[in-house]
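Enquirer: Before anything else, here's the structure in question.
The values are calculated or read from the model by the stated rules, or taken from the named source; none is laboratory data. Nothing here was measured: the structure is a model prediction, and the numbers come from that model. Virtual Cβ from ideal backbone geometry, glycine too; neighbours counted across all protein chains shown.
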Amino acid sequence: MHRSAGDIKILAGELFDSYAGELVKNKLIFVSPDSGLIVGVDTFEDSDEGLRRAGIDLRDEATIDLRGLTVLPGFVDTHVHLFLHPYTETSWTDQVTRESLAERTIRATIHARRTLMAGYTTVRDLGTEGALDADLALRKCLSGPDAIAVGPRYFTASRAIVGTGFYGGPKNILYPEHDGVEGIMGAEVADGEVECVKAVRRQIGAGADWIKVYKSYYRVRANMADVSPRSAGASLTTFTDPEVRAMVTEAHRLGVKIVAHASEAATIRRLLADPHLHVDSIEHGYGMLPLFNDETSFNARHVFWVPTLATSWTTGRTNGGWDRAAQSFKAFLRTRPPGVRVACGGDTGVFAHGDNALEMKVMVRLGASWKEVLQWCTLGGWECVRSMHNEMPFGAIRKGFAADIIATRCSPADHFENSVDSKNISFVMKGGKVYKRDGKETA
C-alpha cells in the first residue's frame, strides 16, 4: 500500500483519533481514489512554508482543505431499520401491512441517503420488519464504487427469528391464533432446535451478514390489552436455551455473528452465564440494572451491548421505559463490568433516519464522556459489526483503513451535541469518494 501522485490529500486542522480517544492537530491524510483506502497520515505545519514543504498546493483539485473543521472517522450506527420510518408518521402495524414492498424499498433508499449525509458511513440493519429479504437487494445497490444508490456501508440481518406466537405483530384480530396478517410477518418463525438451525442456514445461505434472534419480547400477549394491560405489556422469554444454543452454534460454525434482542435481566443473565449461549451483541437491555448491581453477573467473555437509548427517549418517556433504560445505562457507567463493551445504535427508524446522532447525544446527557462516545460510534462500531473474517477495517483514520471520513463545523470539545448534529456535518467521504462537501451533497 503505497502513496502515488494521484492520491487525494486531506488537510485536517483538528482530527479525532479513535484509538487514543483524543483530538490531534494538523494531520495530512492521503487517500487512494482507486482502492478507497487511507494510504498514509502525516503531521503538517500550518503555514505557507509548512504546506510547501509538505508538497501541498491548495489550488490542486485533489487537495481538500478541512483546516477549519473537525475531522472524524465516519460514524457507525449498529442498530437501524431502513425499511421503517417514525411511528409518529405511521404506526408499525400499518407500515408492515399497508405499505407495499415497493414503497418500503423506495423509502429505504431515501433513508440510506439521509443516513450517509448525516455522517454515518456504516450501519447494521437488524431486520426488515416484514419487508422479507429486501435488505439483501438494497445492500447490492449500495455497494461498490459504481453503486446505483447512495448510502452507507450496509450490514444486514434480513428476517429476525422468533418463536411461534411470540412476536408482537402484526396481530391477527379476526383469527388471533394465527401469526401475522395475510401471510405478512415481521420476522421468521422457527420452533425447536431443528427448525431453528434450518432458519439460520436459510438466512446465511440467502446472504445475511448477521443472524438476529428475539430472545425476549414485550408484546407477546398484546391481545390481552383489553382485560389485562399489564399482561399485554410484559416481556417474556421466547426461545428455550437449547433452541438458542442450536442457533448460536450453527451461526458461529458458518462464520456469522449472532445478535439477541433481549430486555430483561433474567434473560440476559442466561446469555452471559452459559458459554454455549454466547451471542455477539445484545440489543436494548433496558432491564439490566440488577445485573450491573451484581458483580457476579459478568465474566471476561466479550459481548457488545447496544442500549438503543434514543428509541427509549423517543417513545418511552410516558410509560416508564425511558427511566429503566436510563438507570441501566448509568449503572453501566458506574460499574464498567469486564467483558461488556458499548456500541452506538439507536434503533433508528423508530425515530427519523438522519437523526442517528440522537443516540450519542443521549449517552452524553446521561454521563458518558464525549470522547468515549465518539470511540463507541467509530472504532467500536467497526469492532461490533465486523464479520468473523478478516476484512477491510473502518472506524479510524489510519493507514490501511477504509477512507470513511467526515468533518463537522463544531469541535466536540466545545459543544458535543452541535458537533454530531446532521446540520453541522459539512463533509462526507465513504470509501475514498466524496458525497458531501462544503455542506452540499455531491452525489
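Enquirer: Can you tell me which residue is nearest to Val303 (Cα to Cα) among those in the stretch 224-254 that are modelled with pLDDT of 95 or more and small (Gly, Ala, Ser)?
Expert: Ranking the qualifying residues of the stretch 224-254, first place goes to Ala251.
Enquirer: Shifting gears a bit: Only residues that are assigned to a loop (DSSP other than H, G, I, E, B), over 16 Å from Ser35 (Cα atoms) and under 21 Å from the mean Cα position of the chain (by Cα): list them for the stretch 383-411, please.
Expert: Arg386, Ser387, Met388, His389, Asn390, Gly395, Ala396
Enquirer: Can you name every residue in the stretch 119-176 that is over 14 Å from the mean Cα position of the chain (by Cα), at pLDDT 90 or above and outside any loop (DSSP other than H, G, I, E, B)?
Expert: Answer for the stretch 119-176, where residues must be over 14 Å from the mean Cα position of the chain (by Cα), at pLDDT 90 or above and outside any loop (DSSP other than H, G, I, E, B): Ala134, Asp135, Leu136, Ala137, Leu138, Arg139, Lys140, Cys141, Leu142, Ile161, Val162.
Enquirer: Out of Leu66, Leu37, Leu84, report the one residue that is touching a residue at least 60 places away in the same chain (Cβ under 8 Å), of a type outside the set (Ser, Thr, Tyr) and within 23 Å of His415 (Cβ to Cβ).
Expert: Leu66
Enquirer: Separate question: Restrict the check to the stretch 78-87 and report whether at least one residue is in contact with a Cys (Cβ under 8 Å, 6 or more places away or on another chain), at pLDDT 95 or above and within 30 Å of Ile10 (Cβ to Cβ).
Expert: Taking the stretch 78-87 first, the residues in contact with a Cys (Cβ under 8 Å, 6 or more places away or on another chain) are 78.
Pick out the ones that are also at pLDDT 95 or above and you get 78.
From what is left, the residues that are within 30 Å of Ile10 (Cβ to Cβ) are 78.
Yes: one or more hits.
Enquirer: Could you list, in sequence order, the residues of the stretch 309-328 that are farther than 18 Å from Thr88 by Cα, part of a helix (DSSP H, G or I) and either touching a helix residue (DSSP H, G or I) at 6+ places or on another chain (Cβ under 6 Å) or modelled with pLDDT under 95 (or both)?
Expert: Within the stretch 309-328, Asp323, Arg324, Ala325, Gln327, Ser328 meet the criteria.
Enquirer: Of all residues being modelled with pLDDT of 85 or more and over 21 Å from Asp323 (Cα atoms) in the stretch 277-299, which is surrounded by the fewest Cβ atoms within 10 Å (Cβ to Cβ)? Just the residue, please.
Expert: His278
Enquirer: For the stretch 43-61, check the following and say yes or no: at least one residue is over 26 Å from Pro145 (Cα atoms) and in a strand (DSSP E or B).
Expert: Checking the stretch 43-61: at least one residue is over 26 Å from Pro145 (Cα atoms) and in a strand (DSSP E or B).
Enquirer: On to the next question. Scan the stretch 341-367 and report the pairs whose first residue is modelled with pLDDT of 95 or more and part of a helix (DSSP H, G or I) and whose second residue is surrounded by 24 or more Cβ atoms within 10 Å (Cβ to Cβ) and of a type in the set (Gly, Ala, Ser), with Cβ atoms within less than 7 Å and a gap of 6+ or a chain change.
Expert: Leu358/Ala310; Leu358/Gly346; Glu359/Ala310; Glu359/Gly345; Glu359/Gly346; Val362/Ala310
Enquirer: Also, quick follow-up: So if I check each of Trp313, Trp305, which one is closer than 23 Å to Tyr120 by Cα and without any contact (Cβ under 8 Å) to a residue 40 or more places away in the chain?
Expert: Unique residue meeting the criteria: Trp305.
Enquirer: Restricting to the stretch 423-443, name every residue that is surrounded by 13 or more Cβ atoms within 10 Å (Cβ to Cβ), in contact with a Ser or Thr (Cβ under 8 Å, 6 or more places away or on another chain) and of a type in the set (D, E, K, R).
Expert: Lys430, Lys436, Arg437, listed by residue number.
Enquirer: Of everything in the stretch 1-34, what is outside any strand (DSSP E or B), small (Gly, Ala, Ser) and either surrounded by 17 or more Cβ atoms within 10 Å (Cβ to Cβ) or modelled with pLDDT of 95 or more (or both)? Give them in sequence order.
Expert: Scanning the stretch 1-34 gives Ser18, Ala20, Gly21, Ser32.
Enquirer: Right, something else. Can you work out which of the residues in the stretch 307-353 that are charged (D, E, K, R) and surrounded by fewer than 20 Cβ atoms within 10 Å (Cβ to Cβ) is nearest to Gln375 (Cα to Cα)? Quick ask: steps written out before the conclusion?
Expert: Going through the stretch 307-353, the residues charged (D, E, K, R) turn out to be 317, 323-324, 330, 334, 336, 341, 347.
Within this subset, residues satisfying the condition of being surrounded by fewer than 20 Cβ atoms within 10 Å (Cβ to Cβ) are 317, 323-324, 330, 334, 336, 341.
On the way: Arg317: 27, Asp323: 25, Arg324: 25, Lys330: 18, Arg334: 18, Arg336: 16, Arg341: 11 Å.
Ranking the candidates gives Arg341 first.
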